[in-house]
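Colleague: Once you've had a glance at the structure underneath, I'll fire off some questions.
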Amino acid sequence: MKRRVVITGLGAISGLGFGVDDFWQGLCSGASAIKEIVEEGPTNSVKLGAQVPEFDTADYFDVSKISFYDRFSQLALISAREAIQDAGLASGDILRDAAVIIGTGCGGKHTDEATYYQLYVKKSARVHPLTIPKGMPSAAASAVSMDLGIKGPSFSVTSACASGAHAIFQAYSMIQSGMVDLALAGGTDSPFTFGLSKSWEALRVLSPDGCRPFSSNRNGMVLGEGAGIIVLESEQHALKRGQSIYAEIVACGLSSDADHMTRPNQTSISLAIHKALAQAEVKPFQVDYINAHGTGTVLNDQVESLAIKEVFKNYAYEVPISSSKSLHGHAMGASSALEAVATIKSIADQIIPPTANFTAGDEFCDLDYVPNVARKHSINIALSNSFAFGGSNAVLAFKRYI
Amino acid sequence: MASLEVIRDVISKEMNIAPELIEPGTHLIDLGIDSLMALTVLFQLEDRFNVEIPPDIVDTIITVDDILTKINELQNSSEHV
């Protein structure tokens, strides 16, 4: 017998600010966090991004610990602390047996690139002794486990831009099966390093002038950074401790393109959505909102729209769809987790955050993308789409908990 | 020559420990500095005193004074070369 799994805590840090309140207000305002980036390294031809506002690490971390924390771990820690506070788990040892699963597409790139700079450019004979534990992709999950005293399973998952969704799926499955009662899951990434941003530029998918998902004048994605962490809990466990519940997670439809490394595949995306609907035991017309993958690239938004039409038929023209990447940028492995937070908040508050910078659709993108202005809407079931490079697709389904 | 003041300063800043707690005979572990954290202190000190502390010496460093002694030995031996 599978157990029901509910969401009892949220944490978010992004270009929109610190904490879920900033994140949600920013999303609903429709004012994008994307702006000219503050550069650390050499002059960079990548000019736009949604960076987390400047903060003093000493406000969050003990000086003796900071040398263990790459920026992607710092963001995960800040977000995880918020999530457990929100879930009423900040005191006592209730977290001891929990799981922590953090998705990351990039890992500790700041650490890695600083190391390469020392070796290749500065010709240094040695590098910082904590380079390995600081830069390893699982460092964020380990940091959260150590910081919060979580002694259950802790590990990272990586599937490029769907990493956060796959982490949430993993936690959902573990709670459903009875392996754990409680889990922190989400994603974190900080891609604003010289090497990584230039690598994205080389792929010719970055927009030079803004993120305009589903709009006919879209011309690419814009990098973002951040972390989104949610607390998942068995329904029984949450009810027993009297914790208020944001929403229930009712499905995760997974598929792989087995096709092309970067080109999205409509059939496979449709399959992931179909699987999510089947698991959730809902018909297409019962879906009230879709938080799209919506990167702002010409191809993604076209194929995603076509897949939605393939699954939802005529109802595709009625169901509201929005891309929050237009507001917080494409935060790599954190994106799907931040978007899960947005989707859960949309259910909790019955508001759909808009797609920013939308002017007009095109022959493929002719659906209701909730342009530019948030919308009050009755939401019982909402989907969160994530389609990663490599062809890893994940569609999370959340349901209003009454 | 390495000085206790510099070592105290580096430990204090790297580990966020009040300088007055750092005495020559203080055991690093009593300051909460385990073997991994000690590496970051030694990394900074290698730069400050222009020495390279070999891996096999790290395990012999127990107290603050051990750091001072080892660095002075390394500096002296490199001068003789």
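The values are calculated or read from the model by the stated rules, or taken from the named source; none is laboratory data. All values reported here derive from a predicted model rather than from experimental measurement. Methodologically, a virtual Cβ is constructed for each residue, glycine included, from the backbone with ideal geometry; neighbour enumeration extends over all protein chains shown. For accessibility, only protein heavy atoms count, side chains too; no ligands or nucleic acids. Shrake-Rupley method; radii C 1.70, N 1.55, O 1.52, S 1.80 Å.
Colleague: Note the full-extension length gain between A:Thr359 and A:Glu310 as 0.36 nm times their separation in residues minus their Cα-Cα distance, in nm to one decimal.
Modeller: Gain on stretching A:Thr359 to A:Glu310: 15.2 nm.
Colleague: Excluding A:Cys106 itself, calculate the net charge of residues whose Cβ lies under 12 Å from the Cβ of A:Cys106, where each Lys or Arg counts +1 and each Asp or Glu counts -1. List each step's numbers first, then the result.
Modeller: Details: positive: A:Arg71, A:Lys109; negative: A:Asp70, A:Asp112, A:Glu113, A:Asp189, A:Glu225.
Summing Lys and Arg as +1 and Asp and Glu as -1 gives -3.
Colleague: Can you tell which of A:Ser336, A:Ser234, A:Ser73 shows the greatest fluctuation in a Gaussian network model of chain A with Cα springs below 10 Å?
Modeller: Most flexible of the set in this elastic network: A:Ser234.
Colleague: Full extension from A:Leu299 to A:Arg3: what is 0.36 nm times the residue separation minus their Cα-Cα distance, to one decimal in nm? Intermediate values should be presented prior to the final figure.
Modeller: Details: separation 296, 0.36 × 296 = 106.56 nm, distance 3.83 nm.
Full-extension gain reported as 102.7 nm.
Colleague: Which angle between 0 and 90 degrees, to the nearest 10, do you get for helix B:64-80 versus the longest principal axis of chain B when only C-alpha atoms count?
Modeller: Value to nearest ten degrees: 10.
Colleague: Starting from the Cα gyration tensor of segment A:260-402, take the square roots of the eigenvalues, sort them a ≥ b ≥ c, and report rounded, prolate or oblate (rounded when a/c is under 1.5, otherwise prolate if a/b is larger than b/c, else oblate). If you can, show how the numbers build up before the last one.
Modeller: Numbers: a/c = 1.27, a/b = 1.13, b/c = 1.12.
Rounded shape, in that the Cα axes give a/c under 1.5.
Colleague: Now a separate question. Rounded to the nearest 0.05, what FRET efficiency is calculated for B:Glu52 and A:Lys151 with R0 set to 56 Å and r the Cβ-Cβ distance? Show your work: numbers first, answer last.
Modeller: Details: r = 38 Å, r/R0 = 0.68.
Given R0 = 56 Å and the Cβ-Cβ separation, E is 0.90.
Colleague: Moving on. Find the all-direction average of the projected area of the Cα convex hull for chain A, expressing the result in square nanometres with one decimal place. Intermediate values should be presented prior to the final figure.
Modeller: Working: hull surface 73.3 nm².
Averaged projected hull area, Cα only: 18.3 nm².
Colleague: Using a 1.4 Å probe on the protein chains only, how many percent of the accessible area of segment A:249-399 belongs to carbon and sulfur? Write out the running numbers ahead of the final one.
Modeller: Values: 2550 of 4780 Å².
For segment A:249-399, the apolar C and S fraction of the accessible surface comes to 53 percent.
Colleague: Evaluate the distance, in nm, between pseudo-label points positioned 7 Å from the Cα of B:Asn16 and of A:Ala278 along their respective Cα→Cβ axes.
Modeller: Placing both labels 7 Å along Cα→Cβ, they lie 5.1 nm apart.
Colleague: Per residue, how much accessible area does segment A:249-399 have with a 1.4 Å probe, in Å²?
Modeller: Counting only protein heavy atoms, the per-residue value for segment A:249-399 is 32 Å².
Colleague: Give the total of Lys-Lys pairs in segment A:249-399 with Cα-Cα distances below 13 Å; include a pair only if its members are 8 or more places apart or on different chains.
Modeller: 4
Colleague: If you don't mind, another one. Only counting protein heavy atoms at a 1.4 Å probe, give the residues of segment A:50-90, ordered by number, whose accessible area falls by 30 Å² or more when the other protein chains are present relative to the chain alone.
Modeller: A:Val63, A:Ser64, A:Phe68
Colleague: Please give me the summed charge of the neighbours of A:Ala374: other residues whose Cβ is under 12 Å from its Cβ, Lys and Arg +1, Asp and Glu -1. Don't skip to the answer; put the middle values down first.
Modeller: Working: positive: A:Lys345, A:Arg375, A:Lys376; negative: A:Asp349.
Local net charge: +2.
Colleague: Skip the ligands, DNA and RNA, and give the accessible area per residue of chain B with a 1.4 Å probe, whole Å². Mind showing how you got there, number by number?
Modeller: Values: 4530 Å² over 81 residues.
Per-residue value: 56 Å².
Colleague: Can you give me the distance in nm between label points at A:Arg204 and A:Leu119, each placed 7 Å from the Cα along the Cα-to-Cβ direction?
Modeller: Here the answer is 3.2 nm between the modelled labels.
Colleague: What fraction of the Cα pairs in segment B:4-80, stated in percent, has a spacing above 15 angstrom? Walk me through the intermediate numbers first.
Modeller: Numbers: 1446 of 2926 pairs.
Roughly 49 percent, rounded to a whole number.
Colleague: Still on this structure, please answer the following. For segment A:110-247, what is the number of Lys pairs with C-alpha distance below 26 angstrom, counting only pairs 8 or more positions apart or on separate chains?
Modeller: Numbers: A:Lys122/A:Lys134; A:Lys122/A:Lys198; A:Lys123/A:Lys134; A:Lys123/A:Lys198; A:Lys134/A:Lys151; A:Lys134/A:Lys198; A:Lys151/A:Lys240.
Lysine pairs satisfying the spacing and distance rule in segment A:110-247 number 7.
Colleague: Right, another one. A:Asp93 to A:Lys35: extension gain in nm, 0.36 nm per residue of separation minus the Cα-Cα distance? List each step's numbers first, then the result.
Modeller: On the way: separation 58, 0.36 × 58 = 20.88 nm, distance 4.17 nm.
Contour length minus Cα-Cα distance gives 16.7 nm.
Colleague: Rank A:Ile273, A:Ile66, A:Ile168 by mean-square fluctuation in a GNM of chain A with C-alpha springs under 10 angstrom and give only the top-ranked residue.
Modeller: Between A:Ile273, A:Ile66, A:Ile168, it is A:Ile66 that shows the largest mean-square fluctuation.
Colleague: Label points 7 Å out from Cα along the Cβ direction at A:Asn217 and A:Glu318: separation in nm?
Modeller: That separation, rounded to one decimal, is 3.3 nm.
Colleague: If you don't mind, there's one more thing I want to ask. Kirkwood Rh and Cα-based Rg: tell me the resulting Rg over Rh for segment A:97-228, rounded to two decimals. Please list the in-between numbers first.
Modeller: Numbers: Rg = 17.7 Å, Rh = 16.6 Å.
Across segment A:97-228, the Cα-based Rg/Rh ratio is 1.06.
Colleague: Report, in deg cm²/dmol and to the nearest 500, the calculated mean residue ellipticity at 222 nm for the protein assembly as shown, where each DSSP H run with n ≥ 4 adds -39500 (n - 2.57) and the sum is divided by the residue count.
Modeller: On the way: 17 runs with 180 residues, N = 483.
My calculation for the protein assembly as shown gives -11000 deg cm²/dmol from helical runs alone.
Colleague: Cut-off 14 Å, label point 7 angstrom out along Cα-to-Cβ of A:Ser173: give me the residues of segment A:235-261 whose amide nitrogen falls inside.
Modeller: Only A:251-256 pass the distance filter.
Colleague: While we're looking at this one, here's another question. What residue among A:Ser159, A:Ser392, A:Ser177 shows peak mean-square fluctuation when chain A is described by a Gaussian network model with Cα springs under 10 Å?
Modeller: A:Ser177
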